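Only the coordinates and a few stated rules stand behind these numbers; no lab work does. Predicted, not measured: the structure shown is a model, and the values here were computed from it.
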Amino acid sequence: MKLVDQLTYAHGWISDKDFIWWPFSFLRPEKNVPMSFKLVCLMTLCFAGLSYLMYLGYSVVNNAFDGRAALEYFLMFFGGFFTWFNVVTKPLWNRRVKLFSLRK
């Protein structure tokens, strides 16, 4: 079995877990449905938005809020999630969809 196939199955096994998608499990497509760019954008908005709000809450509660750092973290969260979802999650998810459709 190719390394990319092993990576695809491992990523699929992890992404099938509910805790990975919490609290946005409604965004998880069915195993036989490919991810679209629109879904990736919505996932980015939700996951990066939640992460950013958690960062803001943490920095305010600890009296460590800094406007410049807040802007930098905003860009890092949204850019990071968008990149991860487009470079790793979407290609591996869609590859798994193709592999499952070939098995049938």
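Tell me what the chain gives for mean residue ellipticity at 222 nm when only DSSP H runs of n ≥ 4 count, each as -39,500 (n - 2.57), the sum divided by the residue total, rounded to 500 deg cm²/dmol.
Result for the chain, helices only: -23000 deg cm²/dmol.
Hey, what did the chain get for relative contact order, percent, Cα under 8 Å, at least 6 apart?
44
For the chain, report the % of Cα-Cα distances exceeding 20 Å.
Across the chain, Cα pairs with separations above 20 Å total 47 percent.
What is region 37-95's relative contact order, in percent, from Cα pairs under 8 angstrom and six or more apart in sequence?
Answer for region 37-95 is 53 percent.
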